[in-house]
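Student: My questions all concern the structure below.
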Amino acid sequence: MKRRFFPANKLLREIIPCYFIAQMDKQPTATSPRNSFARLWPWLVILIVLLFTGFIRFRLLDMPLERDEGEYAYAGQLILQGIPPYELAYNMKLPGTYYAYALGMAIFGQSTAGVHATLIVVNSLTIIFVFLLARKLFGVMAGLVSCASYAVFSVSPSVLGMAAHANHFVVLFAVPATLLLWKAVESNNSKALFFSGLLYGMAFLMKQQGIFFDLFGICFFIGCEIKKRPAPWFDLAKKCFSFGVAMLLPFGLTCLYLFFAGVFPRFWFWTFTYARSYAAEESLQSGIQVLCTYLKDTHILYLEFYILVIAGLLLALRNKTVRKQLIFLTAFSICSGLATATGFYFRRHYFILALPAFAILIGLAITSVQQLLQIKMARNASIIVSLILFAAILGRNIFIQREFFFQASGNQICQTIYRNFPFIESIGIARYIREHSSENDRIAILGSEPQIYFYAQRRSATGYIYTYALMELQPYAAKMQRDMISEIESNKPEYIVLVGCGNSWVIRPSSDLAIFDWFKKYSKEFYEITGIIEMPSTGEAIYLWDNDVKNHQEIAQLSEHYLIVYKRKSATKTVPAQNN
């Protein structure tokens, strides 16, 4: 099948970095070797930080994809084949990350390594942007401390940082957007304001949680403009219009494209109609319990940083010269926190959205400590003592996570973090399907394991690449089950994989189980078992294929976590699709 590529990689590699780095890092030209060194040494430190995180991520390039990565990779794979989002894969996330994956895989290849190489680039750029934003607000020391903090936090298993989640792509755009917003407010630069809005719009397009960064930008800009005396109402309206248009532009163009691609109704249903029901499913009380559990589980990594941030804020409140910056950072932090609280799910990777603000707060804290120490000691001595304090705290954080960062393999980390999730097993299943089917064959996964589609390089017989929604207590669940059944019966997949892992379905006590009753009858008539993969609670998975399956125990006696691969029988009769 002919794959379609697009020239956006050239735009990303050449035009965008050149423009934004030039705009964000304008400094007076150095006229002496001493000034040259003063400008250069912070970037040498940043290079060391980038090499450190790059080494960790490069070591884990082949770490198995988890579900979200599988979804983005499969959608990106389809895009590179000329198939728009939401045509063969349904999900509630906005399509920005799909296109980011497609771009990354067009450059680095359609593989696990290609996905994680894309993450290295995205993470490295964000580290640089965090430095630039913190430096602009509180100086070079704050910038270096902030970027080092963000670098370590963003790769930590505590936020599932080793996986290329959409939140990495959200902050990639939200952080430079915030920097340009500050420049626009500070210097009344209309061009910076427009590009700030454009980047905020891109952050939202990556994932819905990006809307909180948009709200921050709007509220802070309008607040700053209103404070001007006399209030320039006409000028304010003109700036707000420019800012708003830029912010809406990425989403508007995407909607226009999806409309002409013929998938807009499905896109709107999944990303707004169903997403609204999904976001309302969890209660505030259960969300608080999840948050408290997360904070309890991760306090060993971050307790000293929490104390440092609180102390730094108290010290900064006494410094009138940074009051405006402090208000700016506080508002940014609040909106970042709200982004992590969407739907009260508080999943670990959601906290990536709060990491830039948290890291900059740490940068402010170290700067405040240095200024306090400078009262009683020389400036250079206060800087050294402050940096030693920061290095000790950050070094302890790295030491605690040393096994993940430097020792464990990708498979070992996957087994530790995602216990009883069939991410490693997906690779072997996909390999078998790819070797025993043709490129035009369809396959179906009864479960939430979209990474199998990506690995197998086979298109899905149903757009329901996740089955969580089918088990949720939401008004569309029954119809979704009927639709999935109809699509499978119509497309007659060559292989069907039944995922017998509870985490792939998340069945509630009141869930509708009709799809299981249907598959029991359907598979018995039209399919035969060709593979069984058992996942015992301890030890490696057991793979049985073809003839070995016949001598295996009864299906009812399988372990708690398993996958069954079904192959369509030859010369089977057609079954009419169920009515919706």
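Student: Would you confirm whether or not the stretch 430-437 contains a residue that is in a strand (DSSP E or B) and either not charged (D, E, K, R) or not assigned by TED's automatic domain parsing to the domain that holds Phe516 (or both)?
Tutor: no
Student: Out of Gly395, Gly343, I need the residue that is more than 23 Å from Asn123 (Cβ to Cβ), within 28 Å of the chain's Cα centre (by Cα) and surrounded by fewer than 18 Cβ atoms within 10 Å (Cβ to Cβ). Which one?
Tutor: From the options Gly395, Gly343, the qualifying one is Gly343.
Student: Here are Gln325, Gln285: which of them is under 29 Å from Ser368 (Cα atoms), out of contact with any Lys or Arg (no Cβ under 6 Å at 6 or more places or on another chain), assigned by TED's automatic domain parsing to the domain that holds Leu198 and among the polar types (S, T, N, Q)?
Tutor: Details: Gln285 fails: under 29 Å from Ser368 (Cα atoms).
None of the others qualify; the one that does is Gln325.
Student: Hey, another quick one. Go through Leu205, Leu236 for me and flag whichever is of a type in the set (A, V, I, L, M, F, W, C), within 26 Å of Gly82 (Cα to Cα), in a helix (DSSP H, G or I) and assigned by TED's automatic domain parsing to the domain that holds Ser146. It would help to see each step written out before you state the result.
Tutor: On the way: Leu236 fails: within 26 Å of Gly82 (Cα to Cα).
After ruling out the rest, the residue left standing is Leu205.
Student: Kindly indicate which of Tyr274, Tyr306 is closer than 30 Å to Ile465 by Cα, in a helix (DSSP H, G or I) and among the aromatic types (Phe, Trp, Tyr).
Tutor: Step by step, each of Tyr274, Tyr306 is checked, and only Tyr274 is closer than 30 Å to Ile465 by Cα, in a helix (DSSP H, G or I) and among the aromatic types (Phe, Trp, Tyr).
Student: Still on this structure, I have one more. Just one of Ile485, Ile465, Ile496 is under 21 Å from Ala279 (Cβ atoms) and buried (at least 20 other Cβ atoms within 10 Å of the Cβ); which is it? Before you say what the answer is, go through the steps one by one.
Tutor: Details: Ile485 fails: under 21 Å from Ala279 (Cβ atoms); Ile496 fails: under 21 Å from Ala279 (Cβ atoms).
Only one candidate qualifies: Ile465.
Student: So, one more: Name every residue in the stretch 422-471 that is hydroxyl-bearing (Ser, Thr, Tyr), under 24 Å from Leu544 (Cα atoms) and out of contact with any Leu (no Cβ under 6 Å at 6 or more places or on another chain), in order of residue number.
Tutor: Ser426, Tyr432, Ser437, Ser438, Ser448, Tyr453, Tyr455, listed by residue number.
Student: Shifting gears a bit: Given the condition assigned by TED's automatic domain parsing to the domain that holds Met162, assigned to a helix (DSSP H, G or I), within 26 Å of Tyr418 (Cβ to Cβ) and of a type in the set (D, E, K, R), answer yes or no: does some residue in the stretch 48-57 qualify?
Tutor: yes
Student: Note down all Cβ pairs under 9 Å where the first residue falls in the stretch 76-98 and is not assigned by TED's automatic domain parsing to the domain that holds Phe264, the second is surrounded by fewer than 19 Cβ atoms within 10 Å (Cβ to Cβ) and in a loop (DSSP other than H, G, I, E, B), and they're at least six residues apart or on different chains.
Tutor: Once the first residue is not assigned by TED's automatic domain parsing to the domain that holds Phe264 and sits in the stretch 76-98, no partner that is surrounded by fewer than 19 Cβ atoms within 10 Å (Cβ to Cβ) and in a loop (DSSP other than H, G, I, E, B) comes close enough.
Student: Oh, and also: Of the conditions (1) among the polar types (S, T, N, Q); (2) surrounded by fewer than 19 Cβ atoms within 10 Å (Cβ to Cβ); (3) within 20 Å of the chain's Cα centre (by Cα), Gln209 fails just one. Which one is it?
Tutor: (2)
Student: Name the one entry in Leu60, Leu119 that is farther than 27 Å from Phe264 by Cα and in contact with a Gly (Cβ under 7 Å, 6 or more places away or on another chain).
Tutor: Leu60
Student: So which pairs qualify, if the first residue must be in the stretch 291-305 and touching a residue at least 60 places away in the same chain (Cβ under 8 Å), the second must be assigned to a helix (DSSP H, G or I) and surrounded by 11 or more Cβ atoms within 10 Å (Cβ to Cβ), the Cβ gap must be under 7 Å, and the two must be at least 6 apart or on different chains?
Tutor: Thr298/Ser158; Ile300/Ile400; Leu301/Ser158; Leu301/Asn397; Leu301/Ile400; Glu304/Ile393; Phe305/Ile362; Phe305/Ile393
Student: Let me ask something else. Of the residues Leu160, Leu144, which single one is in contact (Cβ under 8 Å) with a residue 24 or more places away in the chain, assigned by TED's automatic domain parsing to the domain that holds Asn91 and in contact with a His (Cβ under 8 Å, 6 or more places away or on another chain)? Show your work before the answer.
Tutor: Numbers: Leu144 fails: in contact with a His (Cβ under 8 Å, 6 or more places away or on another chain).
Only one candidate qualifies: Leu160.
Student: Which of the following residues is at pLDDT below 95, in a helix (DSSP H, G or I) and buried (at least 19 other Cβ atoms within 10 Å of the Cβ): Phe20, Phe37?
Tutor: Step by step, each of Phe20, Phe37 is checked, and only Phe20 is at pLDDT below 95, in a helix (DSSP H, G or I) and buried (at least 19 other Cβ atoms within 10 Å of the Cβ).
Student: Follow-up. Tell me, which residue of the stretch 541-553 that is part of a loop (DSSP other than H, G, I, E, B) and more than 19 Å from Val497 (Cβ to Cβ) is modelled with the lowest pLDDT?
Tutor: So in the stretch 541-553, the residues part of a loop (DSSP other than H, G, I, E, B) come out as 541, 546, 551-553.
Restricting the remaining residues to those that are more than 19 Å from Val497 (Cβ to Cβ) gives 551, 553.
Details: Asn551: 66, Gln553: 55.
Across the stretch 541-553, the extreme among qualifying residues is Gln553.
Student: Also: Can you name the residue in the stretch 272-289 that is of a type in the set (A, V, I, L, M, F, W, C) and loosely packed, with under 15 Cβ neighbours inside 10 Å and, of all such residues, is farthest from Ala341 (Cα to Cα)?
Tutor: My answer is Phe272.
Student: Given (1) free of Cβ contacts under 8 Å to residues at least 24 places away in the same chain; (2) farther than 16 Å from Leu301 by Cβ, where does Thr367 come up short, assuming only one miss?
Tutor: The number of the failed condition is (1).
Student: Hey, can you tell me all the residues within the stretch 255-271 that are surrounded by 14 or more Cβ atoms within 10 Å (Cβ to Cβ) and in a loop (DSSP other than H, G, I, E, B)?
Tutor: Correct list: Ala261, Val263.
The values are calculated or read from the model by the stated rules, or taken from the named source; none is laboratory data. Note that the structure is a prediction, hence the values are computed from the model and not measured. Don't worry about glycine lacking a Cβ; one is built from the backbone with ideal geometry, like all the others, and counts go over all protein chains shown.
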